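Novice: Mind having a look at this structure? Questions to follow.
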Amino acid sequence: MGCMSGILNILLYIINIVFLVVGILLIVLGSIMLSNFSQLTDVEPLSNTNTIPICVTVLGALIFIISFFGCCGVWRQSSCLTATYASMMFILFVLQLVLTCWIAVNGQDFLNDMSNLVNTLWKENTAVNKYPMSALELTFNCCGNTSYNNYLYSNQPVPGSCCGYPNRQQSCSPSIYETRKGCNQKFTEFWSDNNDLVLWSGLGICIYELIVFILAGMLAKCMRNKNAVR
């Protein structure tokens, strides 16, 4: 029993250190995603697109806190702390599994919604609405809805935002905007790449959390048995 308890102690301590790093990485990932939308907060249709980055950041913070809690339980050899940690890890496992399944099931619908959102922004890209496409063009280095031709076909000059200039009235060189993809493609590609990253990372973390829950439960039982013998 003592050997088993020692092995579980070492395993959980190492796993929690890894989990601390994973939590930090998720916080960084969510922060990077949020920073990409810093220029979009003033655009009403895009104001809620930061939901997933916020969820990723909050999830990273929860993993970090729970892992720190687990390290304390192992370090102090407290069966109560370790059992509480196991329960928290199981709850986190269930929540993460639900989030991962939601992303897997609704991922394509979400991408379609993002594409339709850009279509809406293009239709509303007027001075009255403060040219919402400019925020997308500056953030994702894109031009127009599907390409720069959208401006030419609608008898509009290609704005400076297609060249990365904050001032729409600034002259934009064709050598720059002709090489840029449409914002619809760039915006959906961004979400597709990040959805895949969150999905596969989520699945891996779910499996990891389930293993940690089982090990923590076994260690808590060993600690209780050890205390009972004393």
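The values are calculated or read from the model by the stated rules, or taken from the named source; none is laboratory data. Keep in mind the model is a prediction, meaning the values are calculated, not measured. Reconstructed Cβ throughout: ideal geometry from the backbone, glycine too, with neighbour counts over all protein chains shown. Only protein heavy atoms, including side chains, enter the accessible area calculation; ligands, DNA and RNA are left aside. Shrake-Rupley method; radii C 1.70, N 1.55, O 1.52, S 1.80 Å.
Novice: Normalised by the number of residues in segment 65-180, what is the relative contact order in percent for Cα pairs under 8 Å and 6+ residues apart?
Specialist: Relative contact order for segment 65-180 comes out at 14 percent.
Novice: Whole angstrom only: what separates the Cα centroid of segment 113-150 from the Cα centroid of segment 172-230?
Specialist: With segment 113-150 and segment 172-230 each reduced to a Cα centre, they are spaced 30 Å.
Novice: Are there chymotrypsin sites (Phe, Trp or Tyr not before Pro) in segment 65-109 that DSSP marks as loop and that have at most 14 other Cβ atoms within 10 Å, and which are they?
Specialist: Sparse-neighbourhood loop chymotrypsin sites (Phe, Trp or Tyr not before Pro): none present.
Novice: So how much accessible area does E178 have, in Å² to the nearest 10, using a 1.4 Å probe?
Specialist: 100
Novice: Find how much the distance from Y13 to L152 grows on full extension, using 0.36 nm per residue of separation minus their present alpha carbon separation; answer in nm with one decimal.
Specialist: Using 0.36 nm per residue and subtracting the Cα-Cα distance, I get 43.9 nm.
Novice: Still on this structure: Please report the relative contact order for segment 139-201, taking Cα pairs under 8 Å with a sequence separation of at least 6, and give it as a percent rounded to a whole number.
Specialist: 38 percent.
Novice: In sequence order, what are the phi-derived ³J(HN,Hα) couplings for segment 164-174 according to the Karplus relation 6.51 cos²θ - 1.76 cosθ + 1.60 with θ = phi - 60°, rounded to whole Hz, with x for glycine and proline?
Specialist: x, 8, x, 7, 4, 7, 5, 5, 10, 6, x
Novice: Sticking with this structure for a sec: Can you give me the accessible area per residue for segment 80-125, using a 1.4 Å probe, in Å²?
Specialist: For segment 80-125, the solvent-accessible area averages 53 Å² per residue.
Novice: A further question follows. Quote the relative contact order of the chain in percent (integer), defining contacts as alpha-carbon pairs under 8 Å separated by 6+ residues.
Specialist: Taking the mean separation of contacting Cα pairs over the length of the chain, I get 25 percent.
Novice: Taking a ≥ b ≥ c as the square roots of the Cα gyration tensor eigenvalues, with a/c under 1.5 meaning rounded and otherwise prolate when a/b beats b/c, else oblate, which class fits segment 93-230?
Specialist: Taking the square roots of the gyration eigenvalues as a ≥ b ≥ c, segment 93-230 is prolate.
Novice: Under a straight-distance cross-link criterion of Cα-Cα below 16 Å, which aspartates and glutamates are reachable from K221, leaving out those fewer than 8 residues away in the same chain?
Specialist: Within reach: none.
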